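Notes follow the structure.
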Amino acid sequence: MPTSGDDQIEVEDRSRVADEPHRFGFPQSVWRAVAARRPPGLPQPRVFRSPLRGPWLTSVFGSVLLLSLPVVFLTGLLDWIAYSPALHQSIPSHVGFLHLPYFTWPTRPAWLFQLTEGLHVGLALILVPVVLAKLWSVMPKLFVWPAARSGADLLERLSIVFLVGGVVFEMVTGILNIQYDYLFGFNFYTAHYFGAWVFMTGFVVHVGLKLPTMVRSLRSRPFVGELRTSRADTRPEPPDPDGLVSPDPSEPTISRRGALALVGGGSLLVAVLTVGQSIGGVARQTALLIPRGRSYGNGPNDFQINRTAVAASIDPKATGPAWRLTLSGGSSPVQLSRDQLLAMDQHMAELPIACVEGWSSTQQWSGVRLADLARLSSIRSPSKAHVQSLESGGIFSESWLQSNQVLDPDALLALRVNGVDLSADHGFPARIIIPAAPGVHCTKWVRSIEFVA
Amino acid sequence: MARATRAYGAHPLHLLSLVASIALVGYAITLLGVGSLWNHHHWWQSIMVWFLGAVLLHDLVLFPAYSLADRSLGAGWRAVTGRTPDRSPAVSPVNYLRIPTMASGLLLLMFFPGIIQQGSGSYLRATGLTQAPYLQRWLLLTGVIFGISALLYAVRLVVAGRRRRDVDPVTGHGETTSTDIASDVASAGS
């Protein structure tokens, strides 16, 4: 004879079936057999006891990610374009159709790369607490048995692997990379680029399948009403077909608004401790735990260094009085000493150095316009230019510049910064600085420039 | 149509979009090169291993760890208050302990390479500096975060103590909604 408790479960189950049919797909016998073989040790739904879990809370986190993660994805794709795929400099080099439509990366506004890359890294860091909260909120789904009742369920689970694996893979590799911890060992750019596409594939499918549920769930509880609900008045959401709501909720230890404030507070904490690397100035000091919050001092050359002269194996003798800049591409090569370069028209420009790692630093540069150097080698409108460094080896010991990057009036072969000579770590005797170009294309310790007509 | 939908388990549109997504992932993998997924020298530095690890990182590593910690905290508090109900604080310290722990833990999770000085060689080559300050900075931040939480908790205890003295000794009711809001805001703000 069934007890009253069993009766209750029976009624609940029936109401669920009316809500959304949990039928088995083809072949029914197989799916039913799977359902009957619950792996021993698999946690029961009742072990998840948070009274806050439910479709509304998950949908709030989901809607934040729905709006923000595409921005992270798109700025990432923009950065691939900024590396000039037309000049074969984008990494990875072969991406098939997986890229934005090609266009020439502009040099204006000068802060464009600072913005796109600052957004890409900064926003992703701020979203870490939201992603963690979202993963926490859907935990019970992982242990639902049967894990699948049909082919449709099985495929959907696979798309969740793309989604969850994708977002965590991107965040982990990105976070390690900006801290120069190359623990992963594989090529960061390549793995991060294709990982982003795997993630986006899962993301689009997930949004397509869950958007109606998200909208319905958000409407089920007015947001403002939740913000007015104290912990004492916090009640679990009604049982949902996905099993997010705990069947045996414990007493709330925090209200829903408290949980949202907690996640938002986590994001705020990360924001306060990271935005300084992109904003610079006094704010840089607040970036306490990341590499680009460090101070080198107050001198004119005391700004962020990327790859020291020692790390690039620059021989001090090669940068001394014997150094010559070779300009080629014209009828005959031109060689210029640093004094000769300093005797030419000097142009001053305030430009940011912005890195793919999200940090940037704006300085006052002065030197010779690249356009003037092109004219000197009798190529007035080059289609591109090849810059080589004294540094030997390494993918960034040379770079190709687009036509607009050579001809921009602020594109310089910089000799001085903030009124003094460049320091060894900033590229003495001469370095490239170009508005809106990725920092790694602003080659340091320049040896030669070849202009191509 | 209805039969096909029942056999598959969802609308045909579901099938179309999922097949499309799986094909796209397959395409991305071929561009990357199937061979690139696996590192023959160090298996744990394989893209495949890191991707599957990423699928499981939260659910099978982080979640069990933080849930266990949180349940232990809750159970510990209940055990203590159960034994000495009259000498227990009027306000539960649970949120005042777990919220700063979460904040400090989040910072450690995201910025551990600097804190434990991992990748010091590449860090030095890139910046010309060492990672020496990060452990101290993290400890300092942790101290400040817990300190703020302790202050807020102290304020709450004082407020609750006053309330308790004002409580009607017969009904025993003294807590009002306004203190709950204060508690929510105090605990969430730290």
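No lab work stands behind these numbers, since they all come straight from the coordinates. A quick note: this is a predicted structure, and the numbers were derived from the prediction, not measured. Because the Cβ atoms are built from the backbone with ideal geometry, glycine has one as well, and the counts that use them run over all protein chains shown.
The range A:45-276: D in µm²/s via Stokes-Einstein (Kirkwood Rh, Cα pairs, 25 °C, 0.890 mPa s)?
Stokes-Einstein gives a translational diffusion coefficient of 125 µm²/s.
Under the rule of -39500 (n - 2.57) per DSSP H run of 4 or more residues, summed and divided by the residues of chain A, what mean residue ellipticity at 222 nm is obtained, to the nearest 500 deg cm²/dmol? Walk me through the numbers before you get to the answer.
Numbers: 14 runs with 183 residues, N = 453.
Computed mean residue ellipticity for chain A: -13000 deg cm²/dmol.
In the range A:45-88, which residues have a backbone nitrogen under 16 Å from the label point lying 7 Å from B:Ala75's Cα in the Cα-to-Cβ direction?
A:47-50
Based only on other Cβ atoms within 10 Å, what is the fewest-to-most ordering of A:Val47, B:Val49?
Exposure proxy ranking, most exposed first: A:Val47, B:Val49.
Could you please report the charge total around A:Gly358, scoring K, R as +1 and D, E as -1 over all other residues with beta-carbon less than 9 angstrom from its beta-carbon?
So the surrounding residues net to -1.
Considering the zone a paramagnetic label at A:Val207 would reach in this model (a point 7 Å from Cα along the Cα-to-Cβ line), which residues of the range A:52-89 have amide N under 14 Å from it?
Backbone N within reach: A:62-75.
Summing Lys, Arg as +1 and Asp, Glu as -1, what charge do residues with Cβ under 15 Å from the Cβ of A:Leu66 carry, A:Leu66 excluded?
Local charge sum for A:Leu66: +3.
Give the calculated FRET efficiency between B:Gln117 and A:Glu350 to the nearest 0.05, with a Förster radius of 30 Å applied to their Cβ-Cβ distance.
0.25
Do any trypsin sites (Lys or Arg not before Pro) in the range A:224-300 lie in a DSSP loop with no more than 13 other beta carbon atoms within 10 Å, and if so, which?
Hits after loop and neighbour filter: A:Arg228.
Taking the Cα centre as origin and putting +1 on Lys and Arg beta-carbons and -1 on Asp and Glu beta-carbons, what dipole magnitude results for the protein assembly as shown, to the nearest 20 debye? Could you put the intermediate results ahead of the total?
Values: 52 positive and 42 negative charges, 132 e Å.
Charge dipole, the protein assembly as shown, about its Cα centre: 640 debye, nearest 20.
Of A:Trp80, B:Tyr153, A:Pro300, which is farthest along the charge dipole of the protein assembly as shown in the positive direction, counting Lys and Arg as +1 and Asp and Glu as -1 at C-beta?
B:Tyr153
Under 19 Å from the Cα of A:Lys317, which lysines turn up, not counting those fewer than eight places away in the same chain?
Within reach: A:Lys444.
Name the chymotrypsin sites (Phe, Trp or Tyr not before Pro) in the range A:86-166 that are in a loop by DSSP and that have at most 15 other C-beta atoms within 10 Å, would you?
A:Phe97, A:Tyr102, A:Phe103
Return the ratio Rg/(2.2 N^0.38 Å) for the protein assembly as shown, where Rg is computed over Cα atoms only. Please list the in-between numbers first.
Numbers: Rg = 29.4 Å, N = 643, 2.2 N^0.38 = 25.7 Å.
For the protein assembly as shown, the normalised Cα radius of gyration comes out at 1.14.
Placing +1 on the Cβ of each Lys and Arg and -1 on the Cβ of each Asp and Glu in chain A, which of A:Val71, A:Pro146, A:Leu289 has its Cα farthest towards the positive end of the resulting dipole?
Result: A:Pro146, furthest along the dipole toward the positive end.
How far is it, in nm, from the label point at A:Arg32 to the one at B:Leu109 when both lie 7 Å from their Cα along the line to the Cβ?
Label at A:Arg32, label at B:Leu109, 4.3 nm between them.
So which lysines pass the test for A:Lys141, namely a Cα distance under 27 Å, with those fewer than 8 places away in the same chain ruled out?
Straight-distance partners of A:Lys141: A:Lys210.
What order do you get for A:191-200, A:337-346 when each peptide is scored by the mean count of other beta carbon atoms within 10 Å, highest first?
By packing density, highest mean first, the sequence is A:191-200, A:337-346.
With a cut-off of 8 Å between alpha carbons and a minimum separation of six or more residues, what is the relative contact order of chain A in percent?
Once normalised by length, the contact order is 18 percent.
7 Å from Cα along Cα→Cβ at both B:Leu129 and B:Ser67: what's the point-to-point distance in nm?
That separation, rounded to one decimal, is 4.0 nm.
Give me the tail of P(r) for chain B as a percent: Cα-Cα pairs with distance above 28 Å.
Summing the P(r) of chain B above 28 Å gives 58 percent of all pairs.
Where does each of A:Val282, A:Val263 land when they are ranked from fewest to most other beta-carbon atoms within 10 angstrom?
A:Val282, A:Val263
On average, how many beta carbons from a partner chain sit within 10 Å of the beta carbon of a residue in B:46-53?
6
Could you give me the ³J(HN,Hα) list for the range B:95-100, computed from phi with Karplus coefficients 6.51, -1.76, 1.60 and θ = phi - 60°, whole Hz, x at Gly and Pro?
Using θ = phi - 60°, the values come out as 5, 6, 9, 7, 5, x Hz.
Please give the average number of partner chain Cβ atoms lying within 10 Å of the Cβ of each residue in A:289-296, rounded to a whole number.
Rounded to a whole number, the mean comes out at 5.
Using the Karplus equation 6.51 cos²θ - 1.76 cosθ + 1.60 (θ = phi - 60°), what ³J(HN,Hα) coupling, rounded to whole Hz, does each residue of the range B:149-166 give in order, writing x for Gly and Pro?
Running phi through 6.51 cos²θ - 1.76 cosθ + 1.60 with θ = phi - 60° gives 4, 4, 4, 4, 5, 4, 4, 4, 5, 5, 4, 5, x, 5, 4, 4, 5, 7 Hz.
Give the whole-number value, in cubic angstrom per residue, of the convex hull volume spanned by the C-alpha atoms of the range A:316-452.
Each residue corresponds to 101 Å³ of Cα convex hull volume.
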